[in-house]
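Novice: Submitted below is the structure of interest, expressed as structure tokens.
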Amino acid sequence: MTAGGQSEGADADPTSAQLSFRTAKLLSALFYGTCSFLIVLVNKALLTTYGFPSPIVLGTGQMAVTIMILYVSKLNKIIHFPDFDKKIPVKLFPLPLLYVGNHISGLSSTSKLSLPMFTVLRKFTIPLTLLLETIILGKQYSFSIIVSVFAIILGAFIAAGSDLAFNLEGYIFVFLNDIFTAANGVYTKKKMDPKELGKYGVLFYNACFMIIPTLVISASTGDLKQATEFTQWKNALFIIQFLLSCFLGFLLMYSTVLCSYYNSALTTAVVGAIKNVSIAYIGMLVGGDYIFSVLNFVGLNICMAGGLRYSFLTLRSQSKPKEPVDEESIPLDLKS
């Protein structure tokens, strides 16, 4: 009787852990998609509607909020990550550089492009992620997924080629953002060992290592001076949205790490593609900087269709049962 009960408990534990893991995968992906959706809209309002001149200062504010929240949480023993030692920079490299590059290029491109064009050009993160995961992590992908990726690229080229509000500087920043995002996602997955820094340590030390250099760059380029002289600091609504952007920046960084922790860099890119579908069409109605043309609209729709097909194939492949169940892929906090 006892032996039988122990056997049942042993059988139930892996199943329960697997179900919890699947729930965590889904919730972390939804959390990331929601945060990513909201911060693009808030940043677009700050940088375009209000005309805030300093994306770097906005990014610095997001880093500062991230450091403060995680440090206070560690002091109150809500979360845990290792104390600083001289080995941490080596363990983390090159994530801090990718992190700040992703931050600055993303905010800069948001301020210079219409929302639909921004979201279309961000689709290039997907093939870049596929390429880097193939090179760095040794993954392989089916022909159907590759075809979907080519559809995304084709649609993006058609839309970008007929963009009536072409902005070369904005295009450069968004392509840099694609590269930094893809590399950051892949290396975050590679570095995020629970026995080393863990997801909170990666997030905290990334922000710590790059906030001072970012402030120095901001001051040396005159970016900080423009931000301090900005006339809207007396506007309560602007201040609320600025603080909201800083908090959402923390949530976005946390949700990105969480989604990569429970899923993969590829799934994180897929969720971003799904989110971009809604942002692009909302951007046609709000924002005031989208100029309609037939080719641009057709390109947008081809790109979105390819993104949805790609998402369907990826999520369907993840839902197929694996034999045997790979219990090592289940994070330690869901095994206990």
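Novice: Classify region 60-113 as rounded, prolate or oblate, taking a ≥ b ≥ c as the square roots of the eigenvalues of its Cα gyration tensor: rounded when a/c is under 1.5, otherwise prolate if a/b is larger than b/c and oblate if not.
Specialist: It comes out oblate by the Cα gyration axes.
Novice: Then there is this: Could you report the accessible area of K225 in Å², rounded to 10, computed with a 1.4 Å probe on the protein chains as they sit in the structure?
Specialist: K225 has an accessible surface of roughly 130 Å² with all protein chains in place.
Novice: What are the residues whose amide H is under 5 Å from the amide H of F52, where those residues sit 5 or more places off or on another chain and H is modelled from the backbone?
Specialist: Under 5 Å from the amide H of F52: L47.
Novice: Another question, then. Assign one of three labels to region 123-259, namely rounded, prolate or oblate, based on the Cα gyration tensor with a ≥ b ≥ c the square roots of its eigenvalues; rounded applies when a/c is under 1.5, prolate when it is not and a/b is larger than b/c, and oblate otherwise.
Specialist: Values: a/c = 2.27, a/b = 1.27, b/c = 1.78.
Judged from the Cα gyration tensor, region 123-259 comes out oblate (a/c at least 1.5, b/c at or above a/b).
Novice: Got a number for the accessible area of Y32? Probe 1.4 Å, square angstrom, nearest 10.
Specialist: 30
The values are calculated or read from the model by the stated rules, or taken from the named source; none is laboratory data. These figures come from a predicted structure and were not determined experimentally. Keep in mind that these areas ignore ligands, DNA and RNA; they rest on the heavy atoms of the full protein, side chains included. Shrake-Rupley method; radii C 1.70, N 1.55, O 1.52, S 1.80 Å.
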